[in-house]
Amino acid sequence: MKAKIFKVTGLSLIAASALLITGCTADFEEANRPGDKTSSEELGRDNYSTGSFLVQMQNEAFPEQENTYQMNQDLIGNYLGRYFTYANNGFAGNNFVRMNAPVGWVRYPFADSMPKTVSAFNEIVRLTGTESLSYAWALILRAQSFLRLTDMYGPLPIGAEEEPNAYSSQQKVYHTLVADLDKALGIITPMIQAGGGTLTQFTNSDKVYDGDFTKWVKYANSLKLRMAIRMRLAEPEYARTVAEQAVADGVITSNADNATILYVPNGLYKTSVEWGDSRACADIESYMTGYNDPRLTQYFSTPATPGDRAIIGCRAGAKIGNKSVADAIYSAAKVTQDTRGIWMTAAEMAFCRAEGALAGWNGTAEALYNEGITLSFEQWGASGAADYIANSTATPADYVDAADGYGQAHAKMSSITVKWDDNASASEKMERLMVQKWIALFPDGQEAWSEIRRTGYPKVFPSAQSTAYDLTVPNRLPFDYMEPVNNPDNYQKAVQLLGGPDTYATKMWWQK
């Protein structure tokens with residue numbers, strides 16, 4: 001099947017934004033009180049009436065359906081995070097790497113994913129009120145969705161202003177999402193305590209944790225830690241408070257608690273394996289080849305046309321001339337139809353805590369750094385973590401294109417090694433940590449792109465084709481091109497909140 005890029009023809013922003021002000025009805029406000037006031041009958045009714053909306057929210061928070069995945073994750077984060085790149089020659093001229101993507105691509109997450117998230121959330125509020133288990137879960141799922149969206153665009157209309165169509169600053173979005181997660185935890189935690197330390201509900205609707213809400217608590221705290229690290233340079237004291245509270249309350253520390261979603265067929269399987277629209281990016285191949293990283297062959301498959309090494313990536317932004325040729329000479333993702341989508345891991349949390357330790361927060365940077373690598377190896381079933389951690393000589397490899405390939409050779413962008421060095425400079429420590437975190441974040445390109453923007457690491461190859469910006473990766477996506485028409489006053493205010501022109505170049509609030 002050939003990949004299809006669908007043009008959005010649904011709700012306008014004004015119609016979509018109107019969904020934000022749908023209130024809950026008084027008839028449902030008494031349903032599903034927390035703690036020992038919640039009966040099994042009430043929870044059962046909660047499950048029955050809201051299950052489909054919670055599934056819809058998961059499908060947007062953790063997009064795996066092939067078209068949703070391609071438009072919200074693959075074309076954007078996976079390519080800008082330098083895990084994959086375009087193998088489809090139809091995508092090679094106008095795309096996000098070159099910062100000239102078609103306007104339909106640019107607006108898709110905002111115009112399609114956000115209204116679906118908001119409408120499902122409002123139905124849950126209408127049906128169950130604002131103290132139910134389903135409401136608390138929906139707050140967590142909405143926070144996941146809105147975080148991805150604000151880290152694409154910047155300011156976002158999240159219903160936090162008096163004017164329902166008005167944008168909130170990215171700083172306010174972050175603060176609101178932290179408060180939402182705290183509210184969700186305040187509902188779920190007493191229920192778990194009342195249940196003797198366990199709470200299992202929504203088993204038929206939960207595609208991530210099979211209804212185990214002790215794991216959703218860890219996920220919510222982990223999401224807070226992810227956000228705290230993202231904003232630690234922009235708002236250091238607040239970030240530290242959020243992070244240390246999250247760690248104290250319990251983040252993901254074991255691979256058994258990783259947030260992975262079962263959706264068949266897996267989105268990456270469709271885009272890379274079945275459709276052949278994406279192939280391994282030269283950047284991740286350069287680093288992992290140089291380190292002789294055994295996870296590389298767990299991430300990618302050997303090309304159909306073998307080259308001089310097992311895994312061969314393509315330069316981001318390459319001018320692909322023929323899709324069939326590109327598919328044969330570059331490596332596809334190593335996934336099957338029923339591979340679980342990966343969205344939050346214990347390894348990521350260890351690296352977040354390691355960065356916090358570098359900033360003077362709790363913990364020891366070296367121990368947490370080594371823990372992050374060890375957990376990632378365990379996650380991928382790779383052996384040799386101890387030897388990898390101890391390697392003080394291996395560096396990223398120079399990139400050599402496949403024979404008759406579409407990119408160009410390029411010297412390695414960094415000489416950073418793996419083994420931790422407590423005597424290294426602050427910048428070297430940060431680069432070392434971020435390179436290993438980036439490798440371990442695979443295949444979540446959205447997070448990889450955010451971390452490249454936030455820290456400048458890993459250092460990645462310039463686009464193989466020219467761009468209109470003096471940037472290695474874009475800092476953001478422009479707002480929906482229909483906003484100046486459908487929501488003009490609020491659009492102008494959004495640009496003011498952005499603090500720069502509505503282009504790919506203007507930085508996120510947290511890029512300090």
Problem set entry | Lysine pairs within the stretch 357-498, Cα separation less than 27 Å, 8 or more sequence positions apart or different chains | 9
Exercise. Along the charge dipole of the stretch 106-167, which of 109, 164, 130 sits closest to the positive end, that is, farthest toward it, with unit charges on the beta carbon of Lys, Arg, Asp and Glu (+1, +1, -1, -1)?
Worked result: 109
Problem set entry | Per-pair calculated FRET efficiency, R0 = 35 Å: residue 248 and residue 390 via Cβ, rounded to 0.05 | 0.65
Exercise. Tell me which lysines have Cα within less than 19 Å of residue 183's Cα, excluding those fewer than 8 residues away on the same chain?
Worked result: 37, 172, 215, 218, 224
Exercise. Modelled label-to-label distance, residue 422 and residue 503, 7 Å Cα→beta-carbon offset: nm?
Worked result: 4.7 nm
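For the stretch 82-216, which whole percent of the accessible surface, found with a 1.4 angstrom probe, sits on carbon and sulfur atoms?
C and S atoms contribute 44 percent here.
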Problem set entry | Pairwise centroid distance, computed over Cα atoms, of the stretch 232-268 with the stretch 370-434, Å | 23 Å
For this session: Give the distance, in whole Å, between the Cα centre of the stretch 469-499 and the Cα centre of the stretch 316-330.
Result: 32 Å
Exercise. Within straight cross-link reach of residue 270, meaning Cα distance under 12 Å, which aspartates and glutamates are found once same-chain residues fewer than 8 apart are removed?
Worked result: 64, 66, 74, 338
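What is the dipole size for the chain, taken about its Cα centre, with +1 at each Lys and Arg Cβ and -1 at each Asp and Glu Cβ, in debye to the nearest 20?
Details: 45 positive and 57 negative charges, 220 e Å.
Using Cβ point charges on Lys, Arg, Asp and Glu, the chain gives about 1060 debye.
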Exercise. Pulled fully out, how much extra length does the chain show between residue 470 and residue 100, if you take 0.36 nm times their separation in residues and subtract their Cα-Cα distance?
Worked result: 131.9 nm
Seminar exercise, completed: To the nearest 0.05, the calculated FRET efficiency linking residue 204 and residue 492 through their beta-carbon distance, R0 being 51 Å, is 0.65
Exercise. Taking 0.36 nm per residue of separation and subtracting the Cα-Cα distance, what length does fully extending residue 415 through residue 398 add?
Worked result: 5.1 nm
Exercise. Going through the DSSP H helices of the chain, which span 20 Å or more along their own axis at the Cα atoms while scoring at least 0.0 as a mean Kyte-Doolittle hydropathy?
Worked result: 114-128, 133-153, 170-194
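The values are calculated or read from the model by the stated rules, or taken from the named source; none is laboratory data. This one's a predicted model, so the numbers in the text were calculated from it and none came from an experiment. Here the Cβ is made from the backbone with ideal geometry for all residues, glycine too, and neighbour counts use every protein chain on show. In case anyone asks, the SASA skips ligands and DNA or RNA and just uses the protein heavy atoms, side chains included. Shrake-Rupley method; radii C 1.70, N 1.55, O 1.52, S 1.80 Å.
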